[in-house]
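Take a look at the structure below.
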Amino acid sequence: MTRLIFLNRILMQNAPARSFFQFGKAKGDTGKYEQIISTGLVSPERSVPDDIKKPKYYFENLPPGNTLGSPEIKTPDQIEAMRKSGKLAAQILRECGKLATVGTTTDEIDAFAHEKIIEAKAYPSPLRYAGFPKSICTSINNIACHGIPDDRQLANGDIINIDVTVFLNGYHGDCSETFQVGDVDERGSFLVEATRSCLEQSITLCGPGVEFNEIGKFIENYCDKNGLESIAAFIGHGIGSYFHGPPEIYHYYNEYPGEMQPGMTFTIEPILSLGGSEIAVLEDGWTAISLDGARSAQFEHTILITETGTEILTKDN
Ligand code: MF3
Ligand code: CO
Ligand code: CO
């Protein structure tokens, strides 16, 4: 269960934030970094040209689809479309990563991604998804995920997850990576590289006949060995013409039933923390912040189960 604590941004601007939100003390050495304690200014919604095909949720302000039912087996044509959207998401993510330098605002990275996605005749999936106001997610330091791009400038030593999802020819491709800004302290670099490696190894163990829950079992063990915690509140998901659908991929020990089969496409997206695993969601309804102020890193790929193993769809080459 996740405890929810709502912060009031206005109140926080006018008074010391700590009188409203007291981070718990993280156990152990969580390193040296700037803690995010409030959100910044979010720019107006960016427009999407008429000729770009939009997902249904763009028009209806409805919570998108549910996660019931069994995982879809994609046809060869669907798989081909998923390859294209995956590749586009990965290319744009890589380019966004190059902007992750001191002084750049996350709003500038959002503007860049939005432009590139539209140029490719695709739609930025997060925009208006359950009311999300921007085209990508940017999550810095102690923000676990779903950070909303704003006017904060990246600082030397930040780690920032950029999560890019595109909707191209009717299919979504979803990936994210954590980038290091300038000189990141040793604990921060360790966290980022350990999380990257965790995702890579999780993908390697997938293939036809493997239970979905093997992923979480591996990640839990990996965290134990590396002194990390997996943030339980967020899961990987099936993906296709829908942004989120079955199966559910838990990133910790679980007994979720079901086996991977050729033609299934889903994401794996562990968030690993140097501190505890509990988060709160800020008043903006999205920003997931760690309760103890510790940093986390996240990496995500959309993968396809093949006859012999896996194919990473969100590869940029
Ligand atoms: N890309 C995120 C994921 O990995 C989802 C973001 S939902 C949004 O599932 F609305 F914040 F975009
Ligand atoms: Co995802
Ligand atoms: Co994502």
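The values are calculated or read from the model by the stated rules, or taken from the named source; none is laboratory data. Please read all numbers here as calculations on a predicted model, not as lab measurements. Using ideal geometry, Cβ is built from the backbone for each residue, glycine included, and neighbour counts are taken over all protein chains shown. What goes into the accessible areas is simple: the full protein's heavy atoms, side chains included, and nothing from ligands, DNA or RNA. Shrake-Rupley method; radii C 1.70, N 1.55, O 1.52, S 1.80 Å.
Observations, loosely collected:
- Using the average count of surrounding beta-carbon atoms within 10 Å as a protection proxy, the listed peptides 44-55, 144-155, 165-176, 189-200 rank, highest first, as 165-176, 144-155, 189-200, 44-55.
- Cα shape, region 100-234, gyration tensor, a/c 1.5 rule: oblate
- Cα centroid separation, region 68-86 to region 227-243: 18 Å.
- Across Val42, Val181, Val164, mean-square fluctuation computed from a Gaussian network of the chain (C-alpha pairs under 10 Å connected) peaks at Val42.
- Cβ-derived FRET efficiency at R0 41 Å, Glu307 paired with Glu186, nearest 0.05: 0.45
- Rg over Rh [alpha-carbon atoms, Kirkwood Rh] for the chain: 0.95
- Stretchable slack from Thr101 to Leu205, in nm (0.36 nm times residue separation minus alpha-carbon distance): 34.0 nm
- Computed over protein heavy atoms with a 1.4 Å probe, the accessible surface of the chain works out to 44 Å² per residue.
- Under 11 Å, Cβ to Cβ, from Glu211 - net charge with Lys/Arg +1 and Asp/Glu -1: -2
- Kyte-Doolittle at least -0.5, axis length at least 15 Å by Cα - qualifying DSSP helices, the chain: 106-119, 186-204
- Maximal additional length on extending the Glu108-Leu41 stretch stands at 22.9 nm, based on 0.36 nm per residue less the C-alpha distance.
- For region 216-309, the convex hull spanned by the alpha carbon atoms encloses 110 Å³ per residue.
- Full extension of the chain segment joining Asn317 with Asn221 gains 31.4 nm, where the gain is 0.36 nm per residue of separation less the Cα-Cα distance.
- Accessible surface of the chain, 1.4 Å probe, proportion on carbon and sulfur as whole %: 52 percent
- Positive-end residue of Ile159, Pro124, Ile73, charge dipole of region 16-170 with Cβ unit charges: Ile73
- Label-point separation, Lys27 to Glu119 (7 Å along Cα→Cβ), nm: 4.8 nm
- Proximal charge balance of Ala232 [Cβ under 11 Å; K/R count +1, D/E count -1]: -3
- Take the Cα of Asp151, step 7 Å toward its Cβ, do the same at Glu214, and the gap between the two points is 5.1 nm.
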